1. Where does the charge balance sit around ALA78 when Lys and Arg score +1, Asp and Glu -1, over other residues with C-beta under 12 Å from its C-beta?
2. Would you mind listing how long the range 7-59 runs along its three principal axes, going by Cα atoms, in whole Å with the largest first?
3. May I have the pair-distance distribution P(r) for the range 70-135, computed from all Cα-Cα distances with 10 Å bins from 0 and rounded to whole percent?
4. When we measure straight from the Cα of LYS116, which lysines land under 20 angstrom away, once same-chain ones fewer than 8 places off are left out?
5. Suppose the chain between SER100 and SER44 were pulled fully straight at 0.36 nm per residue; how much longer would it get relative to their current alpha carbon spacing?
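Taken together, the values in this text are just the output of simple stated rules run on the coordinates, not laboratory data. Everything numeric here is computed off the predicted structure, so don't read it as measured data. Counting neighbours? That spans all protein chains shown, and the Cβs are built from the backbone with ideal geometry, glycine included.
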Amino acid sequence: MFWLLSKKQFGKELKKLIHSLTQHSDLIGEHNNSIAQLKEVIVSRHEIDLMIREKMLELREPTSRTTRTKETNLRKKANKILDKAEIMQEMASMLQQGHSTTEIHHEIVEVRQLCKKTCLFKYLKLVREQTHELREPIRRTRK
């Protein structure tokens, strides 16, 4: 269509195009500015979230985040076995003194907090089985 226009008309059309392109570039610049502002808001929200997480981590009890080696795992297992043995020994002594199950439960679980309720009854069963085996003489079967 441009090849049919005169120089004057072509100049007018060119000015219209330039004017519309400058308007579009201004709009694009405004949009880029608003995008930059929104990015700053997003970054500030992200920083706020990070600050909240840091405060939450400060409030929590400190825990080690290092991976455990085999030696520390073995120590942990050994401590569990020793704790179990000590608890069972304490239960056996309380049973020999004539304490009831509720007294043992109150002393070990509630007062001393050595173990949980389920572990207590599991250990108590084992202690009673061991003391029962010690009391009964070994019977020999005839062939």
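1. Surrounding charge for ALA78 is +3.
2. 77, 7, 5
3. Cα pair-distance distribution for the range 70-135, in percent: 21, 50, 22, 7, 0.
4. Answer for LYS116, where 20 Å is the Cα cut-off: LYS76, LYS77, LYS80, LYS84, LYS125, listed by chain and number.
5. Net length gain for the segment: 13.9 nm.
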